[in-house]
Ligand code: GLN
């Protein structure tokens, strides 16, 4: 009831697309009765969770915040959702986001923008903006988002909360609507590390429905305290001209604090930072153009009401009506970079860049426990500030896309408040499947 009341009082934030009020209350009452009767309950009993509108929950609407999926109901639940329910978590509703998880501000939703609860004239970040604001404004305890190039860490940074993107393959993608399949990963938002670790514990692990879900055993995500860590910061990230000056000073002070606390903090040269955004947008738009071809007006959701069209025109019309501007931009870009005449110049080249980035990052991670760097080069943008300049918007993803290109886990934890009143965070990156270390270092950094 507490969360339902809070949701009712904060409708202007536009965080929830749908609230499962009766169902959530019924589940809470049933759990209450079971506890009173001395029956055992799951490990997440009573934990109230919101899910991003790209994650399927059987019998509930899912639209990827797109008109093209208007009215579509999930036929099955995502593995992550199944596992939450199996541990008696209460799923309270689905959360607004950028259409098909494409964006950095949550301004691309067919259902309107989400507002940052700290300053309503600013964006919450994206694409999982609703998931971030739901935790920020206390409209649920924990939420799920998806992170293809930063969509959990970036809004967590803008909203002053914790956002984890696990290793690629750590959480099954079964039931997650695909944007770019070799990058996508379900992520977790929380107010603290313990909550995030607890949820990860139960939703991670192998899944016969997703061949890219890893068979690597899920360790106990116990947070280790009082340990000193070997940390690297990327010189080219800290001295990047795009980074806000005041934030740069904040990170420098933070590194000094870590050293004072007994960690070693060393500068490392990465050298490829300026190539990561172009490589990311070539590869993800290519994958998206293929993934989104299934939305043809026949199989799902929206279909044009015009009759007597030739089949090709019927597809074109349905897709033109159903997809928003940013999604169309990316389908066009992706189709272009995959086209015969340009494949080698763009797609193949970007794959080579990806390989170089992975090798370099792994080389650094083999020498250090973690890389620590900014999550985003600035604090939350004003609403509308970057909407007419997609390139500027894409470039702001410079620090987050790295972890997705390499498939390594990364987390954003709140660091400080900027003099403009907005929070900003610090990002921590570790080796593949080292979430246990990642969470401990994150706790240590908070
Ligand atoms: N901002 C990035 C993009 O628009 C990240 C999106 C995401 O992680 N889903 O592609």
Original post:
How big is the Rg/Rh ratio for the range 54-199, C-alpha atoms only, Rh by Kirkwood, two decimals?
Top reply: 0.93
Original post:
At each listed q (0.18 Å⁻¹), what is the log10 of I(q)/I(0) that the Debye formula gives for the range 29-131 modelled as equal alpha-carbon point scatterers?
Top reply: -0.86
Original post:
What FRET efficiency, computed as 1/(1 + (r/R0)^6) with R0 = 25 Å and r the Cβ-Cβ distance, is obtained for residue 352 and residue 211, rounded to the nearest 0.05?
Top reply: 0.50
Original post:
When the Debye formula is applied to the Cα atoms of the range 213-292, each taken as the same point scatterer, what base-10 log of I(q)/I(0) results at q = 0.13 Å⁻¹?
Top reply: -0.73
Original post:
Could you give P(r) for the range 249-408, binned at 10 Å from zero, as whole percent values over all Cα-Cα pairs?
Top reply: 9, 27, 28, 20, 10, 4, 1, 0
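With viscosity set to 1.306 mPa s at 10 °C, what whole-number translational diffusion coefficient in µm²/s follows for the chain from Stokes-Einstein and a Kirkwood radius over Cα pairs?
On the way: Rh = 21.9 Å.
Result for D is 72 µm²/s.
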Original post:
Quick one: of the DSSP bridges fully inside the range 1-135, what percent are antiparallel, nearest 5?
Top reply: 45 percent
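Can you compute the FRET efficiency between residue 321 and residue 382 using 1/(1 + (r/R0)^6), with r the Cβ-Cβ distance and R0 = 30 Å? Round to the nearest 0.05. The partial results should precede the final answer.
On the way: r = 30 Å, r/R0 = 1.01.
The formula returns an efficiency of 0.50 here.
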Subject >> Cα→Cβ-extended label distance, 7 Å offset, between residue 181 and residue 310, nm >> reply: 3.0 nm
**OP:** Can you tell me which of 47-55, 346-354, 95-103, 426-434 comes out highest on packing, and rank the rest after it, using the mean Cβ neighbours within 10 Å?
**Re:** 95-103, 47-55, 426-434, 346-354
Original post:
Quick one: 157, 244, 313, fewest Cβ neighbours within 10 Å first, how do they rank?
Top reply: 313, 244, 157
**OP:** State the dimensionless ratio Rg/Rh of the range 190-233 (Rg: radius of gyration of Cα atoms; Rh: Kirkwood radius).
**Re:** 1.08
Original post:
For 87, 435, 107, what ranking results if the residue with the fewest other Cβ atoms within 10 Å of its Cβ goes first?
Top reply: 87, 107, 435
Original post:
Is the shape of the range 308-372 rounded, prolate or oblate, going by the alpha carbon gyration tensor and its root eigenvalues a ≥ b ≥ c, with a/c under 1.5 for rounded and a/b larger than b/c for prolate?
Top reply: prolate
Original post:
Using a Förster distance of 45 Å, how high is the FRET efficiency between residue 37 and residue 11, based on the Cβ-Cβ distance and rounded to 0.05?
Top reply: 0.80
**OP:** List 289, 172 from most exposed to least, where exposure is judged by having the fewest other Cβ atoms within 10 Å.
**Re:** 289, 172
**OP:** Mind checking the full-extension length gain between residue 191 and residue 392? Use 0.36 nm per residue of separation minus the Cα-Cα distance, one decimal, nm.
**Re:** 69.4 nm
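Over the chain, what is the mean sequence separation of C-alpha contacts under 8 Å (at least six apart), divided by residue count, expressed as relative contact order in percent? Provide the component values of the computation, followed by the final result.
Details: 1024 pairs, mean separation 80.8, N = 446.
It comes to 18 percent, rounded to a whole number.
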Original post:
Shape call for the range 324-446 from the C-alpha gyration tensor, a ≥ b ≥ c root eigenvalues: rounded (a/c under 1.5), prolate (a/b greater than b/c) or oblate?
Top reply: oblate
Original post:
So what's the convex hull volume per residue for the Cα atoms of the range 147-283, in Å³?
Top reply: 144 Å³
Original post:
Listed highest first by mean packing, meaning other Cβ atoms within 10 Å per residue, what order do 15-26, 212-223 come in?
Top reply: 15-26, 212-223
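Going by average Cβ density within 10 Å per residue, which order do the peptides 188-196, 324-332, 161-169 take, highest to lowest? Numbers along the way, then the final one.
Working: 188-196: 22.1, 324-332: 18.4, 161-169: 27.7.
So the order, starting with the most tightly packed, is 161-169, 188-196, 324-332.
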Subject >> For q = 0.22, 0.29, 0.33 Å⁻¹, Debye-computed log10 I/I(0) when each Cα of the range 245-292 counts as one equal scatterer >> reply: -0.83, -1.00, -1.05
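Each value in this text was obtained by applying a stated rule to the coordinates, not by laboratory testing. Remember, predicted model here, so these are calculated numbers, not experimental data. Positions of Cβ are generated from backbone atoms using ideal geometry, with glycine treated the same way; all protein chains shown enter the neighbour counts.
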